[in-house]
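A.B. asks: Before we start, here is the structure in question, set down as structure tokens.
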Amino acid sequence: MFSTRPVKQLSGFIQEEVKDNMAVKTTILLVDDNEDLLLSIKDSMESYDRTYAVDYAKDASECLKYVEQKKPDLILLDIMLPDMDGFTLRAKLKMTDAKDVPVIYLTAKYDDDMTRKVSMLTADDFIATPINIPELILRIQKILIWRCYRNRKARRPHLG
């Protein structure tokens, strides 16, 4: 059976974050202009795994305003937005406090050319639509665990 226990419980080196006796949820920012898709992914993720809080932005300008006020743990970013493509938005995010936030691109076009382009642009991952929620959650968990491990390793003093 597939399990999506919280990322913080999946790894021995990640401790449960607690604030005022309540577990802290992982904040995902979903950026897509398709409102039906936004609500579907938000509802599916939050009901499938209650450790996620999914916020959304309908275009690049809303996304940039959001990250000025709040830093998400991960961004799900559509490649084709009405006011700016996802690649350009990612470059702009690199100039904000959200520069180190992992990004998973969402794409309807999934071919070898897209795979190369996304990989070259330092995407943490990408997934084709329609979205398979269990697969998406596994990819998110993998990225967040790796990020936590990398950050923890960087903070350790080098002995040698």
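All of the numbers you see were taken from the coordinates with simple rules; none came from a lab. No experiment lies behind these values; they were computed from the predicted model shown. Heads up, the Cβs are rebuilt from the backbone with ideal geometry, glycines too, and the neighbour counts pull from every protein chain shown.
A.B. asks: Using 7 Å Cα-to-Cβ label points, what is the Asn132/Lys25 separation (nm, one decimal)?
C.D. replies: Spacing of the two 7 Å Cα→Cβ label points: 2.6 nm.
A.B. asks: Would you mind working out the magnitude of the charge dipole of region 31-94 relative to its Cα centre, with +1 at each Lys and Arg C-beta and -1 at each Asp and Glu C-beta, to the nearest 20 Debye?
C.D. replies: 420 debye
A.B. asks: Right, next: When the chain is fully extended, how far beyond the present Cα-Cα distance does Gln69 get from Asp100, taking 0.36 nm per residue of separation?
C.D. replies: Extra length available between Gln69 and Asp100 comes to 9.6 nm.
A.B. asks: Let me ask you something else. Taking H as built 1.01 Å from N, whose amide H comes closer than 5 Å to the amide H of Asp125, not counting residues under 5 places away?
C.D. replies: Residues meeting the amide H criterion: Val103, Tyr105.
A.B. asks: Under 5 Å between amide hydrogens, which residues at least 5 positions from Val31 or on another chain qualify, with H placed 1.01 Å from N in the peptide plane?
C.D. replies: HN-HN under 5 Å from Val31: Ala57, Leu76, Leu77, Asp78.
A.B. asks: Still on this structure, I have one more. Using each residue's phi in region 71-79, evaluate 6.51 cos²θ - 1.76 cosθ + 1.60 at θ = phi - 60° and report the 3J(HN,Hα) Karplus result to the nearest Hz, with x for Gly and Pro.
C.D. replies: 9, x, 7, 7, 10, 9, 10, 5, 6
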